[in-house]
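Trainee: Please read through the structure below; I'll follow up with questions.
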Amino acid sequence: MKTRQPLNLARGTLYIIAAPSGGGKSSLAQALLESMPGVQMSVSYTTRARRHGEVGSVNYYFISPAQFEKMCAAGEFLEHATVFGNRYGTGRGWVEERLSHGIDVILVIDWQGARAIRHLLPESVSIFLLPPSHDALEQRLHARAQDNAEVIAQRMREAVEQISHCDEFDYLVLNDDFSAALADVQAIVRAHRLRREAQAARLKQLLEDLLAPGPRVK
């Protein structure tokens with residue numbers, strides 16, 4: 001009896017998810033992580049203070065400004081940016097290692113980081129989440145109780161800038177109903193995994209068997 005060889009793995013895909021603050025990107029990314037196999041979350045580095053309930057190396061790698069600058073100088077970031085006075089960066093080595101092993105990676109960043117990533121990894125897939133309205137976005141920012149009124153006002157002004165760059169993304173998903181938005185993003189991932197190139201790599205042995213010359217035994 002012929003022993004089937006392990007199926008070849010296609011290179012993983014980097015999925016970029018962006019939205020204005022309060023747009024639900026972190027919650028949706030976490031739900032995607034929990035609902036789909038073969039997906040891991042990229043954990044960014046930041047110099048900002050840890051918020052209540054956040055866990056180091058789970059939510060972010062919390063490092064000092066000096067450590068951040070050292071990593072920048074060493075070229076250890078795929079992208080980095082300053083947001084609301086704090087530094088954020090995506091580790092290059094971890095992402096590349098996961099992608100090379102056929103694992104899809106979710107990266108939650110802003111439009112500036114997304115632009116930098118697309119330049120370095122043009123095969124990445126970018127998704128922008130739109131809020132149903134300005135009022136709904138402001139209500140979400142108040143409901144999460146993380147910022148004072150002045151910061152929320154700043155985030156609302158920044159939201160306009162974020163949304164103005166949504167035309168740079170591959171997909172736009174309306175995050176009005178969370179379950180529907182999650183289903184849309186899941187559909188994007190499933191469809192991308194079914195691309196001919198990806199499937200041909202995963203099903204290489206099967207394709208070789210199906211196309212092998214010789215008589216077919218029923």
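Trainee: Considering only the range 161-206, how many residues are touching a helix residue (DSSP H, G or I) at 6+ places or on another chain (Cβ under 8 Å), aliphatic (A, V, I, L, M), surrounded by fewer than 14 Cβ atoms within 10 Å (Cβ to Cβ) and in a helix (DSSP H, G or I)?
Mentor: 1
Trainee: Among residues belonging to the range 193-218 that are among the basic types (Lys, Arg) and modelled with pLDDT of 90 or more, point out the one that is nearest to residue 100 (Cα to Cα).
Mentor: 193
Trainee: Out of all the residues in the range 110-122, is one or more of a type in the set (A, V, I, L, M), in contact with a Phe, Trp or Tyr (Cβ under 9 Å, 6 or more places away or on another chain) and buried (at least 21 other Cβ atoms within 10 Å of the Cβ)?
Mentor: For the range 110-122, residues of a type in the set (A, V, I, L, M), in contact with a Phe, Trp or Tyr (Cβ under 9 Å, 6 or more places away or on another chain) and buried (at least 21 other Cβ atoms within 10 Å of the Cβ): present.
Trainee: Give the number of residues within the range 61-102 that are over 21 Å from residue 123 (Cβ atoms) and among the polar types (S, T, N, Q).
Mentor: Qualifying residue count, the range 61-102: 4.
Trainee: If you check every pair at least six apart or on different chains, which have Cβ atoms under 8 Å apart with a residue in the range 139-161 that is over 18 Å from residue 175 (Cα atoms) first and a residue that is exposed (fewer than 15 other Cβ atoms within 10 Å of the Cβ) and of a type in the set (Lys, Arg) second?
Mentor: 146/51
The values are calculated or read from the model by the stated rules, or taken from the named source; none is laboratory data. Predicted, not measured: the structure shown is a model, and the values here were computed from it. Cβ coordinates were reconstructed from backbone atoms using ideal geometry, including for glycine residues, and neighbour counts include every protein chain displayed.
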